[in-house]
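The values are calculated or read from the model by the stated rules, or taken from the named source; none is laboratory data. The shown structure was predicted, so the numbers you read here are calculated from the model rather than taken from an experiment. Note that each Cβ is placed from the backbone with ideal geometry, even for glycine, and that neighbours are counted across all protein chains shown.
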């Protein structure tokens, strides 16, 4: 009997096995899928950003909102380094300073327009990322954190002692963005609606943050490079054993994070029109890292929430005067106690989706399908004979 079965299987033509069950279509609704809900939430956030100037276009509101958007882009860059690649960087503010100072020097000393200084800013951040990252990324954990902290302080002290950076006084009179004969300082009139300079720059920053910061970082995380970063973050030795060049993966994350921070620094320099070494102290590196950890490392919506919390909470508590930083610290401790993985972790699943688990088909159906396919392959051998032969 076994011989007849072997002959029958030997003469069969090879073909891909047909699926035993039909795969259920993936839900795409707003409240029935994680992807649909996140897409709807992103569209609502973009709508809120677009409508905000029509609700309150005061100088204070636009200034705070613009600073919050710049914080979001800065945190998205650090999320690439810490959240995706798992590199603890305590001197990330150094790249923020490089972008701000390079754009300030090129626009005030050399007289370049701000848009022409952007490639120089990106190139300077790439060079800074290679100089700082090449010797330090061979270290791990606490050693890497201490070395990056030292480089952050080196950049600040260097800017404090160079004449071209203005020394302790910094650089003042940084111009706004201008294209041809039109500048952001001029604003514009559209359909009878006046858009002043602060509103135009707010929209410009929002567009840069949404397109470059949020969408760019999200697409990188889902690609081949992003998967390599996450493998290095989870277990560097295992990732290297699987053929991933861990050093290239880490330094690429470091350089991309540096470029993100440099562009945010250029936006901040234009927004404030003046920079000084006191604006790039270690406290700001700690706040940015706190925003990433607080929101959820590796989570795009979590990092956005963390950046908004860190940037807006002190302003919302301004009525409490000298108590506001104490309240801010207490809120941070409470959040970390009750949400240790972050406000929106990367592995978060919407609560109502946890209850809608798909029901798998019955196990007996799969067994009967397999038996039927085997019986069809054995020509002329009844079902009972096969079992009799197996028992014999």
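Some notes on this structure:
- Residue match in the range 341-356 (condition: in a helix (DSSP H, G or I), on the phi < 0 side of the Ramachandran plot and either surrounded by 15 or more Cβ atoms within 10 Å (Cβ to Cβ) or in contact with a strand residue (DSSP E or B) (Cβ under 7 Å, 6 or more places away or on another chain) (or both)): no
- Residue that is nearest to residue 42 (Cα to Cα) [pool: residues in the range 286-340 that are touching a helix residue (DSSP H, G or I) at 6+ places or on another chain (Cβ under 9 Å) and part of a loop (DSSP other than H, G, I, E, B)]: 299
- Among residues of the range 112-149, those that are in a helix (DSSP H, G or I), surrounded by fewer than 16 Cβ atoms within 10 Å (Cβ to Cβ), modelled with pLDDT under 85 and under 22 Å from the mean Cα position of the chain (by Cα), counted: 1
- Only residues that are touching a helix residue (DSSP H, G or I) at 6+ places or on another chain (Cβ under 9 Å) and either closer than 30 Å to residue 298 by Cβ or not in a helix (DSSP H, G or I) (or both) were counted across the range 180-214, and they come to 17.
- Qualifying residue in the range 33-43 (condition: assigned to a loop (DSSP other than H, G, I, E, B), under 30 Å from residue 215 (Cα atoms) and either touching a helix residue (DSSP H, G or I) at 6+ places or on another chain (Cβ under 8 Å) or modelled with pLDDT of 70 or more (or both)): yes
- Residue count, the range 310-320 (criterion: over 18 Å from residue 210 (Cα atoms) and under 25 Å from the mean Cα position of the chain (by Cα)): 5
- Scope the range 224-244; condition more than 13 Å from the chain's Cα centre (by Cα) and within 19 Å of residue 260 (Cα to Cα); matching residues: 225
- Among the residues of the range 42-65, those identified as surrounded by 12 or more Cβ atoms within 10 Å (Cβ to Cβ) and within 21 Å of the chain's Cα centre (by Cα) are 42, 45, 46, 49, 65.
- Here the condition is being free of Cβ contacts under 8 Å to residues at least 60 places away in the same chain, crowded, with 24+ Cβ neighbours inside 10 Å and either at negative phi or in contact with a strand residue (DSSP E or B) (Cβ under 8 Å, 6 or more places away or on another chain) (or both); of 302, 306, it holds for 302 alone.
Residue by residue, here is whether (1) modelled with pLDDT under 90; (2) touching a strand residue (DSSP E or B) at 6+ places or on another chain (Cβ under 6 Å); (3) farther than 30 Å from residue 194 by Cβ holds:
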| residue | (1), (2), (3) |
| --- | --- |
| 67 | no, no, no |
| 70 | no, no, no |
| 73 | no, no, no |
| 80 | no, no, yes |
| 86 | yes, no, yes |
| 91 | yes, no, yes |
| 97 | no, no, yes |
| 102 | no, no, yes |
| 110 | yes, no, yes |
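- Flag if residue 153 is outside any helix (DSSP H, G or I), surrounded by fewer than 21 Cβ atoms within 10 Å (Cβ to Cβ), out of contact with any strand residue (DSSP E or B) (no Cβ under 9 Å at 6 or more places or on another chain) and at pLDDT 85 or above: no
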